[in-house]
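Read through the structure below, which is laid out as structure tokens, and then see the notes.
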């Protein structure tokens, strides 16, 4: 029953976006909230019902497609608007609608004083529609539509406060950097169509193993081009630079788009195309290496940032690196598992940070917070849960998912990848608890002015925090290691990844239980050490970090300035293009093109001035000319 | 059928004379009213020619055409005179030499 309605899941938010967009500024706030939140809530309800029906089916028949209409038909090429519901897209659909719904509710509180309330909800609903199209699409072209549309919504929402130059700049930057990735994605789709003659997932993935030899150049090229798209959208090296700047947008937007959903689109795409990646071991190792390098690189920057949202942004980049590490070693389920738990706790962290910022009237500097534990009790406790989850402390969600990725990295990728992952996990625990201690503990460094307005957020904001806190706390139990029958997500996703079982790099069959326990204990210990170090540095002895920064001055400045990557890109890429464009503008556009157009105009003007002389205004002159003409014509005809 | 009495050439001569007088009137007179009358003269020269040929060939087409010419001429005069009156009211002159604002 509900399955036949499942096309409504993406389309309800679209209707909400249209209604709120067309009558933006005219509808009362209550109506905007009802439409904005209600459409996503209804989507969530249908999604849950669909999920229930999907679970009731036997595992091998859990694949359901629903075609709406043919979108593009041209020769051999055809692209349908058709949605597919299988375990993988079902997980994504639930994450998007579930977390999306909570963030919509939160937004009614956070954005309550905003003038452009209708515009905000219109964009947010449009984003939900786009993201659902992306994850439910059953062909590459429709997926690309969703892929571009989420990019557009991201641009619109980062630049939501477009009066602020920084926000407008950040939106532009996000859009342009994403275009570079999309270029790769689009080329990948072209190559897929040329190779397979189709863009349907089912056709392409069914043909791929016969069509492409293991490790062939075409398979590698396709996989790498698609991965270029993923690095753009999911903020991996070298295209991660837009995500920290994207924090200029409203905080719920950062939670929804730049933490929980959109930035995970790359991970979802790699998991969806797992067959293509498994056919190219080289591309797969590129994914793993880029993932682990990004995880480490972003974590180091996160250690020293002072803006609460920027720390979270670098943390997101780092966690996305973990997901790619999981996918890159061939453990796609682990990547998706971490994607899901990360959506819970990172959305919670951002919303908690938003609650803190809201309470402090817009203050984002960690050094102007402190001691907020007593004043913001609900925010504090939920934030603590999320911090424990991301640090990977048992039994919170992040422990299970991160540990699984590290275990799979050890098993299939070797000790080096594992080691890098563990170092990253240590830094994660450290910078997250640095953030936590600086915000909620220690002496208050809040400015006098902000102290006056200090208040716990309204329940429209704290209730979503609690829901997400519950999910962050228990979400990991969907996939319990070691326990027989504990790997529920594995079993649920198995039909999707089963077709590639014979392609996957042979994982050591013997399930070395002892090793898994040891690895688990090590990563737990590492997380606890990270937390302890953060406690020593920022609560017990606040002089230590300053002394360290003094001693390793060069290193500190290097990391604090984010390795000068933005500056390097600016001088190596942006400035040359800018200067070249100015040259083209002045020397080609202004001189050649404008010259040609204006020249044609001037010549016509000159010609007209000559012809105009004939029009004298005296009727009788015209009559005379007419007569002479008639005489000449008749004379010619008569005397011919 | 050869008509009795006055030959066709005579009619054509009169018609040509009338047309030339009218044409000269249009080209040299300054008063718009006179120019109108001259135009009527030219039209009637053509009408005369039509009727003469019609009689000469024994066919009615020419005479029917004359009725059309006359009705069009009547309509033209009605409109033309109205314009003329309007111009005269505005500019207090009917001389075409002084109505020459529309020029390049």
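The values are calculated or read from the model by the stated rules, or taken from the named source; none is laboratory data. For clarity, every value in this text was computed on a predicted model and none was experimentally measured. As a convention, Cβ positions derive from the backbone with ideal geometry for all residues, glycine included, and neighbour counts pool all protein chains shown.
Of all residues in the stretch B:25-40, those satisfying the criterion of being within 12 Å of the chain's Cα centre (by Cα) and within 14 Å of another protein chain (Cβ to nearest Cβ) are B:25, B:26, B:34, B:35, B:36, B:38, B:39. Of all residues in the stretch A:588-605, at least one satisfies being within 14 Å of another protein chain (Cβ to nearest Cβ) and assigned to a helix (DSSP H, G or I). Screening residue A:368 against (1) touching a residue at least 12 places away in the same chain (Cβ under 8 Å); (2) under 22 Å from residue A:464 (Cα atoms); (3) surrounded by fewer than 24 Cβ atoms within 10 Å (Cβ to Cβ) leaves a single unmet condition, (2).
Here's the yes/no breakdown for (1) at pLDDT below 90; (2) more than 19 Å from residue A:85 (Cβ to Cβ); (3) crowded, with 21+ Cβ neighbours inside 10 Å:
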site	(1), (2), (3)
A:123	no, yes, yes
A:131	no, no, yes
A:135	no, no, yes
A:139	no, no, yes
A:143	no, no, yes
A:158	no, yes, yes
A:166	no, yes, no
A:174	no, yes, yes
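When each of A:256, A:284 is tested for being at pLDDT 90 or above and either farther than 30 Å from residue A:109 by Cβ or not in a helix (DSSP H, G or I) (or both), the lone residue that passes is A:284.
So is residue A:633 at pLDDT 90 or above and either under 30 Å from residue B:95 (Cβ atoms) or away from chain B (no Cβ under 14 Å) (or both) or not? Steps first, please.
Details: at pLDDT 90 or above: yes; either under 30 Å from residue B:95 (Cβ atoms) or away from chain B (no Cβ under 14 Å) (or both): yes.
Yes: the conditions hold for residue A:633.
Determine whether the stretch A:219-230 contains at least one residue that is farther than 22 Å from residue A:328 by Cβ and either part of a helix (DSSP H, G or I) or touching a strand residue (DSSP E or B) at 6+ places or on another chain (Cβ under 9 Å) (or both). Within the stretch A:219-230 (the criterion being farther than 22 Å from residue A:328 by Cβ and either part of a helix (DSSP H, G or I) or touching a strand residue (DSSP E or B) at 6+ places or on another chain (Cβ under 9 Å) (or both)), the answer is no, since none of the residues qualifies.
In the list A:184, A:188, A:249, A:229, which residue meets the criterion of being over 30 Å from residue A:356 (Cβ atoms), buried (at least 17 other Cβ atoms within 10 Å of the Cβ) and under 15 Å from the mean Cα position of the chain (by Cα)?
Numbers: A:184 fails: under 15 Å from the mean Cα position of the chain (by Cα); A:188 fails: under 15 Å from the mean Cα position of the chain (by Cα); A:249 fails: over 30 Å from residue A:356 (Cβ atoms).
Selected residue: A:229, the only one of A:184, A:188, A:249, A:229 that is over 30 Å from residue A:356 (Cβ atoms), buried (at least 17 other Cβ atoms within 10 Å of the Cβ) and under 15 Å from the mean Cα position of the chain (by Cα).
If only one of A:84, A:32, A:19, A:37 is outside any helix (DSSP H, G or I) and crowded, with 16+ Cβ neighbours inside 10 Å, which one is it? Show your work before the answer.
Working: A:32 fails: outside any helix (DSSP H, G or I); A:19 fails: outside any helix (DSSP H, G or I); A:37 fails: outside any helix (DSSP H, G or I).
Checking each option against the conditions leaves just A:84.
Of the residues making up the stretch A:608-630, those that are over 14 Å from residue B:103 (Cβ atoms) and at the interface with another protein chain (Cβ under 8 Å from one of its Cβ atoms) are A:623, A:624, A:627. Restricting the search to the stretch B:55-92, which residues are within 14 Å of another protein chain (Cβ to nearest Cβ) and surrounded by 14 or more Cβ atoms within 10 Å (Cβ to Cβ)? Within the stretch B:55-92, B:80, B:84, B:87 meet the criteria. Residue B:98 falls short of the stated requirement of being more than 14 Å from chain A (Cβ to nearest Cβ) and modelled with pLDDT under 90. Tallying residues that are part of a helix (DSSP H, G or I) and surrounded by fewer than 21 Cβ atoms within 10 Å (Cβ to Cβ) within the stretch A:233-246 yields 0.
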